[in-house]
Amino acid sequence: MVVGIVGLGLMGGSMGLAVKNLEFIDKVVGIDHNQSHCESAISLNLVDEIVDWEGLKQSDVIFLAIPVEGIINSLKNLIDIPPNTTIIDLGSTKAKIVENIPTQIRKNFIAAHPMTGTEKFGPTAALKNLYKDKIVVLCNLDESGEHQCKIAWRIFEEIGMKIVTMDAKEHDRHAAYISHLPHAISYALANAVMAQEDAKNILILAAGGFRDMSRLAKSSPVMWEEIFKQNKNNLLEAMDHFEEELKRCRELINNEEWESLHYWMKDANKLHDIL
């Protein structure tokens, strides 16, 4: 089986490393609009060969590891693939992608979101075990072909992922709270501190808590701008709820309601009982 990967950064490069270990995968090819990414992917052994779109279409499985708008646009190049080809996208939002799959290849398509990643990006960020023991959400499988479902399920299981199925719109609402809101908060925190503190004080005083909270602010603005754009309404709803909680915290502190503040924090502790 030949696997093709569009986008050779963190997600695509890591997928290349992961599937290369599978006994039923004979070859991994890749494509990226950035020539330096292509060169790095070869030198880092993320893929075996760089191909063009016509070469990519010879793959049995095609992963789309690029931003959401790029995924939607790339599908126009794939409408003439063979009937048994499996296309799997790795986008962070799902509803708009599912809504824009050309009817000719709807059965070929698997909408997937691996719940993993780091704040780093590019081919050098690729990790062999990025996907191992992580959740992957597969959306609207009832609209995908039986063959394609089996192939996707097998690959994700073989690389060590835990599979969850969900409706695409439901996924996007949950992702807004669990993934997209934390990134927005991290960017806001970084900008708030940068506006008030000089670099020397940040370097001297920044402890583990600040580093943990601000880590996500290192993530690619190109990718996250698109995610915020695609999931705008759900993200704004999540922001509203977050702002309500932050306002509650401010009120408790301002009114010196220390016991209530204590229980407010204690309620938050329950999250990690779940996690």
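The values are calculated or read from the model by the stated rules, or taken from the named source; none is laboratory data. It should be emphasised that the depicted structure is a prediction, and the values quoted were computed from it without experimental measurement. In this analysis, Cβ positions are derived from the backbone assuming ideal geometry, glycine residues included, and neighbour counts consider all displayed protein chains. With ligands, DNA and RNA removed, areas are computed over all heavy atoms of the protein, side chains included. Shrake-Rupley method; radii C 1.70, N 1.55, O 1.52, S 1.80 Å.
Condition check ((1) under 19 Å from the mean Cα position of the chain (by Cα); (2) among the basic types (Lys, Arg)) across all residues:
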| site | (1), (2) |
| --- | --- |
| MET1 | no, no |
| GLY9 | yes, no |
| LEU17 | yes, no |
| ASN21 | no, no |
| LYS27 | no, yes |
| GLN35 | no, no |
| ALA41 | no, no |
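From the list LEU56, LEU64, LEU22, exactly one residue is under 29 Å from ASN231 (Cβ atoms), in contact with an Asp or Glu (Cβ under 6 Å, 6 or more places away or on another chain) and of a type outside the set (Phe, Trp, Tyr). Which is it?
LEU64
Looking at ALA192, ALA176, can you tell me which residue is closer than 30 Å to ALA65 by Cβ and aliphatic (A, V, I, L, M)?
Exactly one of ALA192, ALA176 is closer than 30 Å to ALA65 by Cβ and aliphatic (A, V, I, L, M), namely ALA176.
Would you confirm, using the coordinates I've provided, whether ASP89 is open to solvent by 10 Å² or more (accessible area, probe 1.4 Å), among the charged types (D, E, K, R) and either at negative phi or modelled with pLDDT under 95 (or both)?
no
Filter the range 109-123 for residues that are of a type in the set (A, V, I, L, M) and either open to solvent by 40 Å² or more (accessible area, probe 1.4 Å) or over 25 Å from SER59 (Cα atoms) (or both) and give the result.
Hit for the range 109-123 is MET115, nothing else.
Within the set of pairs 6+ apart or on separate chains, which have a first residue in the range 40-61 that is among the polar types (S, T, N, Q), a second that is part of a helix (DSSP H, G or I), and C-beta atoms under 6 Å apart?
So the pair list comes out as SER40/PRO123.
Among the residues of the range 1-34, count how many are over 20 Å from GLU69 (Cα atoms) and not hydrophobic (A, V, I, L, M, F, W, C).
7
Give the residue, chosen from ILE101, ILE71, that is under 20 Å from GLY145 (Cβ atoms), part of a helix (DSSP H, G or I), among the hydrophobic types (A, V, I, L, M, F, W, C) and open to solvent by less than 20 Å² (accessible area, probe 1.4 Å).
ILE71
Could you say which residue among ILE163, ILE155 is modelled with pLDDT of 95 or more, farther than 23 Å from LYS57 by Cβ and not in a loop (DSSP other than H, G, I, E, B)?
ILE163
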